[in-house]
1. Can you give the accessible area of residue 125 in Å² (nearest 10), computed on protein heavy atoms with a 1.4 Å probe?
2. Per Stokes-Einstein, at 20 °C and 1.002 mPa s, what whole-number D in µm² s⁻¹ belongs to region 54-135, with the Kirkwood radius over Cα pairs as the hydrodynamic radius?
3. At a 1.4 Å probe, what is the % contribution of carbon and sulfur to the accessible area of region 8-100?
4. Which order do 98, 171, 83 take by accessible area at a 1.4 Å probe, largest first?
5. Using R₀ = 45 Å, calculate the FRET efficiency as 1/(1 + (r/R₀)^6) where r is the Cβ-Cβ separation of residue 9 and residue 107; round to 0.05.
6. So for the pair residue 118, residue 90, with labels modelled 7 Å out along Cα→Cβ, what separation do we get in nm?
7. Rg and Dmax of region 1-126 over Cα atoms: what are they, in angstrom?
8. Please calculate the 1.4 Å probe accessible area of residue 106, with all protein chains present, and give it to the nearest 10 Å².
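The values are calculated or read from the model by the stated rules, or taken from the named source; none is laboratory data. These numbers were taken from a predicted model, which means no experiment stands behind them. Cβ coordinates were reconstructed from backbone atoms using ideal geometry, including for glycine residues, and neighbour counts include every protein chain displayed. The area values use the complete protein model at the heavy-atom level, side chains included, leaving out ligands, DNA and RNA. Shrake-Rupley method; radii C 1.70, N 1.55, O 1.52, S 1.80 Å.
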Amino acid sequence: MSIFDDLSRFLEMRLEEFLRDNPQLELQALEDKLRDQEEETLQLLSDLHRQEQGLQEQILSTAQDIQRWHIRADKAEKANRPDLAQGAREREAMLLKDGNQRWGQMEMVKERIKQTTELQRQIQIRRQEVQAKAAEAAATARTASSSQQAENRWEWQTWNGASSTNAQVDDLEKKFRDWELDDEMEQLKRNMSR
């Protein structure tokens, strides 16, 4: 088991080193993570809004039931039916309690919506900051790459120029050798003809 822990730690360290050496990749990974978090937050907001809508509908339905049972209780009292009036008042009280609980749940959902909206806004801001840093890192990398390419071109031209100069020197060397050989041949011919 410790071998796997050691290997895991080693791989994590190598990954951290790699990301440190390649900051644009670290920024890309962070941006991807923030994008995932933003999507999860938006999904949560959507779910919370559905819950709020459902609770509002339940509260409205409960309010209508309370009103109906209130009217029934009043009607039973006027008709001198205390047994029905008592049952209607109890039902009305139970519905009021249920409505208050649902109202409390809705207030909690509204608070969660508010907090989640703020979290989503913070994630969005953080993501924009990371995107800006990534763009800056990319621009820096492009500038460094351009500088490296220019340096490589200069080195190539310098080497190529030196090679060209060497070729010119070699060409000049060849011409001199040919001329010197021709001159020696001429002298040999003159010496032989004497």
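1. Around 70 Å² of this residue is reachable by solvent.
2. Translational D for this selection: 135 µm²/s.
3. Reported share for carbon and sulfur atoms: 53 percent.
4. Details: 98 45, 171 75, 83 95 Å².
Heavy-atom accessible area, descending, gives 83, 171, 98.
5. 0.40
6. If labels sit at residue 118 and residue 90, their model points lie 4.5 nm apart.
7. Radius of gyration, then largest Cα-Cα span, for region 1-126: 27.8, 88 Å.
8. My reading of the accessible area for residue 106 is about 10 Å².
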